[in-house]
């Protein structure tokens, strides 16, 4: 019993487990403002407006593909939220928007227990692309390019899981809207509920789900709908304070949702050209960096006179201990031979008579 109590206490105290740099909790879905303002795409040279257009376009693709695949709205919402979260960790310049949207759609269908075949997902995205380009719709040929695209989508799905730390749980505000309207006594107001749901679905194209909690977003959708329909809600005290929201947060969310209706529709071809230019520039800079590092490795190391250390210089042959011992041995052998030769020559000189040579003057 004591062991069971110790195990239960350890489980309760260690609820949060860290795997690498990722904290697996249900509260880590919100991002800090510093990370939102300086996203990886902006670091790679993409401006804020272009990045926003790419986010809107990717979420629209997921929503349209989900409708054609007859997925529930919960699956489409999950795919769009994962798409938004992923591109606050990775850049649009280095990762394809369309392939990542396919991966998020394919992953969301499995998370929400409405799986679809990967072939169907690719066919639907191809159909949407052909319709937008006003081309004759043709079926995808099952050739090598199709197999390559299929492997890229699977790779994108794995990258999304890795970057999100396998924490793919999404708390959707749709049920929260129903509960809040029931508390306010407006559950039978079908127009209010439907419009609030519409605003909720439109907010998926913005970044409010990485800024605010789902409860606050649900309050903002009810707040915006009630103002449009001129429905009075309790003010003293304010009804949204009961649910933990503030008026500034509600106004910020409403402004972001209404900004979608004023914003011009993004051009997919123009956005693709801008991203391609930045991608080429990034590849060139990366190639230059690799070449410079390769040259630095192949360059000769500086000698002692130029400031290099003795340990970093390659040792000469004469400095090796083995060669040093050999040279000492040869020197000793030469000196011994000379000594013996000098002794022998001295003995012969004493035994033989001296010879004198006279030089005659001319």
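Nothing in this text is a laboratory measurement; each read-out follows from the coordinates by a stated rule. In this text, all values refer to a predicted model and were calculated from it rather than measured experimentally. All Cβ positions, glycine included, derive from the backbone under ideal geometry; neighbour counts span all protein chains shown.
For the peptides 268-277, 130-139, 143-152, the ranking by packing is 268-277, 143-152, 130-139, with the highest mean count of neighbouring Cβ atoms within 10 Å listed first.
Here the range 29-170 was treated as a single set of alpha-carbon atoms; its pair distances binned every 10 Å from 0 give 11, 42, 35, 11, 1 percent. Among 330, 189, a tally of other beta-carbon atoms within 10 Å of each Cβ gives an order, fewest to most, of 330, 189. Scaled against 2.2 N^0.38 Å for its residue count N, the alpha carbon radius of gyration of the range 139-212 is 1.72. Set the Cα radius of gyration of the range 43-123 against 2.2 N^0.38 Å, with N its number of residues, and you get 1.07.
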